[in-house]
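Below you'll find the structure, written out as structure tokens, and then a few comments.
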Amino acid sequence: MHTEKLDNILETTGKSSSELIEVLQEVQKTYNYLPEDILRNVSEKLEVPLIEVFRVANFYKAFTLKPRGEHILTVCMGTACHVRGAPKFLDEVLGQLGIKPGETTEDGEFTVETVNCLGACALGPVVVLDGKYYDHMTAGKLRVLIQKYRNKSCKESKKQ
Amino acid sequence: MNEYVTLTINGSKVKTPQGTSVLDAALSYGICIPHLCHMPGISPIGACRLCIVEVVKNGKSKVTTSCTLEVEEGMVILAHTERILKARKNIAEMLVAEAPNSRAIQDIALRCGVKEVRYPFRNKDCVLCGRCVRICAETWQSKSLGFVGRGSERHVALPFDKRPEFCKQCNDCINVCPMTITPCPGPMKKGEEFFCGLCESQLSMAENIVDTCVDCRLGEGFNCLRAKNK
Amino acid sequence: MNTITSMKSLKELSERTKKDNQKYSKIVTLCAGTGCQASGCSSIITSLHEELKHKGLTEKIKIRTTGCHGFCEQGPLMVIEPENIFYSFVKPKDIPEIVSETLSKDKIIERLLYTDATSGKKITYERDISFYKSQNRTVLEQNKLIDPCNINDYIAQGGYSALVKVLTKMSPEEIIQEIKESGLRGRGGGGFPTGKKWEYCRNAEGSPKYVICNADEGDPGAYMDRSVLEGNPHAVIEGMLIGAFAIGAKHGYIYVRNEYPLAVKHSKIAIQQAEELGLLGKNIFGTNFSFDIKIVRGGGAFICGESTALMASLEGKVGEPRPKDIHTTDKGFNDLPSNLNNVETWANVPFIIKNGASWFASKGTAKSKGTKIFALTGQIKNTGLIEVPMGTSLRKIIYDIGGGSATGKRIKAVQTGGPSGGCLPEELFDLPVDFEALAEAGSMVGSGGMVVMDESTCMVDVAKYFLKFLLDESCGKCVPCRVGLSRMLEIIDDITKGKGTEEKMELLKETAETVSIASLCALGKTAPNPILSTIKYFQSEYEAHIKDKRCPAGVCRELIHYSIDEDKCTGCGSCLKACPHGAISGEKKKSYRIDDDQCEKCGICKEVCKFNAITIS
């Protein structure tokens, strides 16, 4: 069992039950998702009932219980982005990848997530792909962007 | 020694121990306020909102649930104003459309005056009253299940959807569920969304409520003729 | 670093910083707020540093990276002091020219200047730009003068002198009185009088008491709090210190959205720097007043902006609101007295103490005092953050500051107050923006989001958008909010698909009323606002959807058709290539056609067509 990583996390956050969200945020950062066995451990160490841990993990958008894809595409669905046409290209990209928001493509390449507002409203519609902001997005531009990332990882896997 | 406070509910003076909820105080005096998620001796969550009342303070009225409201000296409560009755009826209508199979909920809807359900049926088997969740946590200290997710995704679940070893299998969660009190015999099929009439609480009989009262524990204190006649 | 223990040592530090700045002939201010970072300002900062080093100008010219200046649309922004020359859309390749021309020879580079949206003239100085000119900035003003990671910058602007004033000259009661007299009301949306809240919390029984800063800015289309916390974290900290002293609190929390990494970083640095100077921590300023602040990151839930949900979340629990029959000032975080105010409210406090209650109260309207920051976004020319006195008319904000429509289409509505607010039509643009006037019109000031909509926006679709948002963000605890909103969404979804009926409209209104009366918390109680306000002011659009099965704005997919105008089509074939659904057919050089059954209405063809031949009907 890899409890070592968890112990390291708990050393910085402390073991008070009020630190649960902070601990889960660190776990999410370390593992890229919240693995079940780690959550069971968290429950024991922080002395928080297991159902509470499970509830918190399901309630907040920052947490996922399934492993996420290689590339994370975050589409801002804020009001400003909405009136400038964000829903159009969200549907388009979901169709292109064949998934729903929050899901990961079968090949584990892309995870598409929506966010309520990134606070970059003046530049909308905005998407974030692997931490990089793309402003004034359109359905066509996004399609090309995804294709570019697809090709890039294809090439890389061929090299290997 | 309990300290007592006096308050007014629907114009009647009511004397009740401190720390009581307005709902319990009303019920103990036979003043009928409908409720679903409330259970005696279990902490209230104010989720079903059926027991809403108006609290009048400094000439202003505020709507809140009577189950979560603690009695105060001199409090003025109006439980059956037109505004409250209308909202309550609409909530009951929503509930019965969520789970038309539940006899308990049909009963509540009838007593709140629902005669027609304008929303399409959803045939769910849970209305998230949280009776199971609280009885497990509070009576048995087990915390084997809880509300998971949010918005329309919210549901009652076990941790990681597996029964934990500390569940005592007491079955209380099932016993207190409004869906399991003499449930309707068959789930409704698509396209056949009407009350089947196999249980007595069918909507067409709303006028004859006295004969159809099922005396379910949930119904205690509802605004039904039977209670008035007693 | 020595700790500050007297007014004298604070003034000395302030003078020293000012003197240091005078050594430089020019100061280049670069906006590094999230907006400008998204536009790529970080590479500009690096190139400027390199260029100055290369030219040996680092002794003469100072670079100050600051928080958001507000004019995000024009980013990345650069302001050159002391003249306040304003450059917009700066790119890394412009840097050598800026250094050799403007910084060395005082020559203005025309192409980097801002072009006025209405007159088309180039404008050199920041103060002459209409976007800035029509504002009245207090809190935001400091953003461009301060490097948020440098406490000395804040002190040079008079920072922490308000704290020193209250610690040495004022009693807690006097502070509360001052805040009450100023008329400051909560900037987070509720508009509750701040002084009164402080007084409740001060008089509440229980110890320790807490002060909490709500930086869980979840409203889509609003980013005031982010910009203040990112750009001027010390103002928030100073405000919290003053509040804590007045209330008698020992511990403070800043609850900040996880989606705002920069705000988290800057406030962490600010706290550390304040602690080093002895302005935060034990025995502040050598007195027996001790106070600490901890930063807690939210988990991504809109509902956590609600006070009881926020406090549950602080305790590490699921953010579900509880009934507010007992106020959080009596029993809040850990069941102890807790005073929660929003970022902007806290940031206003030091200014009130420094300049006096009457200074603050002289701005605004009878019941809404002071200035308020708004995020002006949507289909408008000048998008960005603005700060105006309460009571400024919507028209002034939209046309004088915002510059009017971005697309040339008529502006028909402005949505204020976030998801719980409402949509106000053009007829009401002369309304003064204050708590009462907007509430009366069926909307609210809220936290300060303003989304401008032109004729290409479908109001039914907007109402649907907010409903969907609120249903997703509802905690799901109570029936009216969870079931009621989903029923409303069901009905409105049918309307946008041309399946709406008059009876269903009535049911929609009745359900909306129930939700607003019976819901547990403010999210549910205000959730019907977007629906009710659009029904009230844009009835005709609903009617068009229901009776004529038509979407006047051309937004609702089930009700629109894409077609190709044969006269305009040149047969270039770019739409055929671009269509991902194979809905376009035809031969090159001849006209193309769109197959309605195949068309998914994604709009890519319209986007790629250079001849404007694709029409929506």
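Filter the stretch C:360-389 down to the residues that are open to solvent by 10 Å² or more (accessible area, probe 1.4 Å), touching a residue at least 24 places away in the same chain (Cβ under 8 Å) and away from every other protein chain (no Cβ under 14 Å) and list them by number.
Once the filter is applied, which keeps residues that are open to solvent by 10 Å² or more (accessible area, probe 1.4 Å), touching a residue at least 24 places away in the same chain (Cβ under 8 Å) and away from every other protein chain (no Cβ under 14 Å), the stretch C:360-389 yields C:ALA361, C:LYS363, C:GLY364, C:THR365, C:LYS367, C:LYS369, C:PRO389.
Is there any pair with a first residue in the stretch C:11-40 that is within 14 Å of chain A (Cβ to nearest Cβ) and outside any helix (DSSP H, G or I) and a second that is of a type outside the set (Asp, Glu) and open to solvent by 20 Å² or more (accessible area, probe 1.4 Å) whose Cβ atoms are under 7 Å apart and which are 6 or more apart or on different chains, and what are they?
Matching pairs, first to second residue: C:ALA32/C:ILE45; C:ALA32/C:THR65.
Could you look through the stretch A:132-156, keep only residues that are loosely packed, with under 12 Cβ neighbours inside 10 Å and more than 11 Å from every other protein chain (Cβ to nearest Cβ), and pick out the one that is modelled with the highest pLDDT?
A:LYS148
Any residue that is outside any loop (DSSP other than H, G, I, E, B), acidic (Asp, Glu) and either at the interface with chain C (Cβ under 7 Å from one of its Cβ atoms) or under 26 Å from C:VAL296 (Cα atoms) (or both) - is there at least one of those in the stretch A:123-131?
Of the stretch A:123-131, the ones outside any loop (DSSP other than H, G, I, E, B) are A:123, A:127-129.
Restricting the remaining residues to those that are acidic (Asp, Glu) gives none.
Scanning the stretch A:123-131 turns up no residue that is outside any loop (DSSP other than H, G, I, E, B), acidic (Asp, Glu) and either at the interface with chain C (Cβ under 7 Å from one of its Cβ atoms) or under 26 Å from C:VAL296 (Cα atoms) (or both).
Which residue is most open to solvent (accessible area, probe 1.4 Å), if the candidates are limited to the stretch C:118-177 and must be among the acidic types (Asp, Glu) and touching a Ser or Thr at 6+ places or on another chain (Cβ under 9 Å)?
Filtering the stretch C:118-177 for residues that are among the acidic types (Asp, Glu) and touching a Ser or Thr at 6+ places or on another chain (Cβ under 9 Å), the one most open to solvent (accessible area, probe 1.4 Å) comes out as C:ASP147.
So which pairs qualify, if the first residue must be in the stretch A:67-92 and under 20 Å from C:ALA413 (Cβ atoms), the second must be of a type outside the set (D, E, K, R) and in a strand (DSSP E or B), the Cβ gap must be under 6 Å, and the two must be at least 6 apart or on different chains?
Filtered contacts from the stretch A:67-92: A:MET77/A:THR114; A:THR79/C:VAL451; A:ALA80/C:THR377; A:ALA80/C:GLY378; A:ALA80/C:VAL451; A:VAL83/C:GLY378; A:VAL83/C:MET453.
Checking the structure you have, find out if any residue of the stretch C:429-446 is crowded, with 20+ Cβ neighbours inside 10 Å, touching a Phe, Trp or Tyr at 6+ places or on another chain (Cβ under 6 Å) and either outside any helix (DSSP H, G or I) or more than 14 Å from chain B (Cβ to nearest Cβ) (or both).
Yes: one or more hits.
Scan (1) at pLDDT below 90; (2) away from chain B (no Cβ under 14 Å); (3) not in a loop (DSSP other than H, G, I, E, B) for the single condition C:PRO419 breaks and write down its number.
C:PRO419 satisfies all of (1) at pLDDT below 90; (2) away from chain B (no Cβ under 14 Å); (3) not in a loop (DSSP other than H, G, I, E, B) except (2).
Can you tell me which of (1) under 15 Å from C:CYS149 (Cα atoms); (2) buried (at least 24 other Cβ atoms within 10 Å of the Cβ) is the one C:ILE242 doesn't meet?
With respect to (1) under 15 Å from C:CYS149 (Cα atoms); (2) buried (at least 24 other Cβ atoms within 10 Å of the Cβ), C:ILE242 is out only on (1).
Name, by its number, the condition in (1) surrounded by fewer than 24 Cβ atoms within 10 Å (Cβ to Cβ); (2) under 26 Å from C:GLY70 (Cα atoms) that does not hold for C:TYR260.
If we test C:TYR260 against (1) surrounded by fewer than 24 Cβ atoms within 10 Å (Cβ to Cβ); (2) under 26 Å from C:GLY70 (Cα atoms), just (1) comes out false.
Filtering the stretch B:1-27 down to residues that are free of Cβ contacts under 8 Å to residues at least 60 places away in the same chain, assigned to a strand (DSSP E or B) and of a type outside the set (Lys, Arg), which residue is nearest to B:ARG49 (Cα to Cα)? Please lay out each step first, then the result.
Here is the first cut: in the stretch B:1-27, the residues free of Cβ contacts under 8 Å to residues at least 60 places away in the same chain are B:1-4, B:11-25.
So of that shortlist, the ones also assigned to a strand (DSSP E or B) come out as B:4, B:12-17, B:21.
From what's left, of a type outside the set (Lys, Arg): B:4, B:12, B:14, B:16-17, B:21.
Values: B:TYR4: 27, B:SER12: 23, B:VAL14: 23, B:THR16: 23, B:PRO17: 24, B:SER21: 15 Å.
Result: B:SER21.
Taking the condition of being in a helix (DSSP H, G or I) and within 10 Å of chain B (Cβ to nearest Cβ), how many residues in the stretch A:40-55 meet it?
So the count comes out to 8.
Filter the stretch A:86-114 down to the residues that are open to solvent by less than 10 Å² (accessible area, probe 1.4 Å) and either at the interface with chain C (Cβ under 9 Å from one of its Cβ atoms) or in a helix (DSSP H, G or I) (or both) and list them by number.
Passing the criteria: A:ALA86, A:PHE89, A:VAL93.
Going by what's in this entry, would C:GLY278 be described as assigned to a loop (DSSP other than H, G, I, E, B), within 12 Å of another protein chain (Cβ to nearest Cβ) and of a type outside the set (Lys, Arg)?
no
In the set C:ILE326, C:ILE353, which member is modelled with pLDDT under 90 and either within 30 Å of B:VAL148 (Cα to Cα) or more than 14 Å from every other protein chain (Cβ to nearest Cβ) (or both)?
So the residue among C:ILE326, C:ILE353 that is modelled with pLDDT under 90 and either within 30 Å of B:VAL148 (Cα to Cα) or more than 14 Å from every other protein chain (Cβ to nearest Cβ) (or both) is C:ILE326.
Can you find even one residue in the stretch C:465-482 that is over 27 Å from B:VAL127 (Cβ atoms), touching a Gly at 6+ places or on another chain (Cβ under 8 Å) and either part of a helix (DSSP H, G or I) or away from every other protein chain (no Cβ under 12 Å) (or both)? Walk me through it before giving the result.
Initial filter on the stretch C:465-482 (over 27 Å from B:VAL127 (Cβ atoms)): C:465.
Then drop every residue that is not touching a Gly at 6+ places or on another chain (Cβ under 8 Å), which leaves none.
Scanning the stretch C:465-482, I find no residue that is over 27 Å from B:VAL127 (Cβ atoms), touching a Gly at 6+ places or on another chain (Cβ under 8 Å) and either part of a helix (DSSP H, G or I) or away from every other protein chain (no Cβ under 12 Å) (or both), so the answer is no.
Only one residue in C:ILE386, C:ILE373, C:ILE398 is among the aliphatic types (A, V, I, L, M) and either outside any strand (DSSP E or B) or closer than 28 Å to C:LYS209 by Cα (or both), so which one is that?
C:ILE398
Determine if the stretch A:72-85 includes at least one residue that is crowded, with 16+ Cβ neighbours inside 10 Å, of a type in the set (Lys, Arg) and modelled with pLDDT of 90 or more.
no
Those residues that are open to solvent by less than 10 Å² (accessible area, probe 1.4 Å) and either small (Gly, Ala, Ser) or at positive phi (or both), I need them from the stretch C:82-117; list them, please.
Result: C:SER88, single match.
Show the residue pairs that are 6+ apart or on different chains and have beta-carbon atoms under 7 Å apart, the first residue being within the stretch C:270-283 and surrounded by fewer than 16 Cβ atoms within 10 Å (Cβ to Cβ), the second being outside any helix (DSSP H, G or I).
Here the result reads C:GLU276/C:MET1; C:LYS282/C:SER290; C:ASN283/C:SER290, each pair linking the stretch C:270-283 to a residue that is outside any helix (DSSP H, G or I).
Name the helices (runs of 4 or more DSSP H) wholly within the stretch B:28-135 that hold at least 3 residues that are of a type in the set (Lys, Arg) and within 12 Å of chain C (Cβ to nearest Cβ)?
Qualifying helices (runs of 4 or more DSSP H): B:82-98.
Collect the residues in the stretch B:76-131 that are polar (S, T, N, Q) and open to solvent by less than 20 Å² (accessible area, probe 1.4 Å), keeping them in residue-number order.
B:ASN90, B:SER102, B:GLN106
Within the stretch B:136-145, work out how many residues are in contact with a Pro (Cβ under 8 Å, 6 or more places away or on another chain) and not in a loop (DSSP other than H, G, I, E, B).
0
Every residue, every condition in (1) within 14 Å of chain A (Cβ to nearest Cβ); (2) part of a loop (DSSP other than H, G, I, E, B); (3) on the phi > 0 side of the Ramachandran plot, yes or no:
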| residue | (1), (2), (3) |
| --- | --- |
| C:GLY190 | no, yes, no |
| C:GLU217 | yes, yes, no |
| C:GLU230 | yes, no, no |
| C:VAL236 | no, no, no |
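The values are calculated or read from the model by the stated rules, or taken from the named source; none is laboratory data. A quick note: this is a predicted structure, and the numbers were derived from the prediction, not measured. Reconstructed Cβ throughout: ideal geometry from the backbone, glycine too, with neighbour counts over all protein chains shown. Ligands, DNA and RNA are stripped out before the accessible areas are found, and what is left, the full protein with its side chains, is counted by its heavy atoms. Shrake-Rupley method; radii C 1.70, N 1.55, O 1.52, S 1.80 Å.
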